[in-house]
Amino acid sequence: LSFDLKDLILGFIPSQKDLLPLAFTSRSWHSLIVPRHSEYRELRLSSARPEVWAHLAHRADLASNIRNVCISEHTAISETYPKTLVE
């Protein structure tokens, strides 16, 4: 399958936990899923994190993988955002 077709298929998989078993099936799937889909599914931030927003503005292809966004004023939340900012 072509890269674009695989990426399209991955976009239909709603759960991040369902992506990981597929990532372990081959190096090809792993390189496509990690971190493009595994880290770019959910954003949960308690602060502005301008570096994350600048990165997502620059990389619309990665931003399109985001399914859930939660921005909270509470600093006690567990933050989830891409730790590996893909170049």
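Each reported figure results from applying straightforward, stated rules to the coordinates on display, with no laboratory input. All figures in this text were calculated on a predicted structure; none of them were measured in a lab. Methodologically, a virtual Cβ is constructed for each residue, glycine included, from the backbone with ideal geometry; neighbour enumeration extends over all protein chains shown.
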Positive-end residue, the chain charge dipole about Cα centroid, Cβ charges, pick of Val69, Gln16, Ala57: Gln16
Cβ-placed point charges (K, R +1; D, E -1), dipole of the chain about Cα centre in debye, nearest 20: 180
Which labelled figure in (1) 13.6, 44; (2) 13.0, 41; (3) 14.8, 49 is Rg and Dmax of the Cα atoms in Å, once derived from the coordinates: (1)
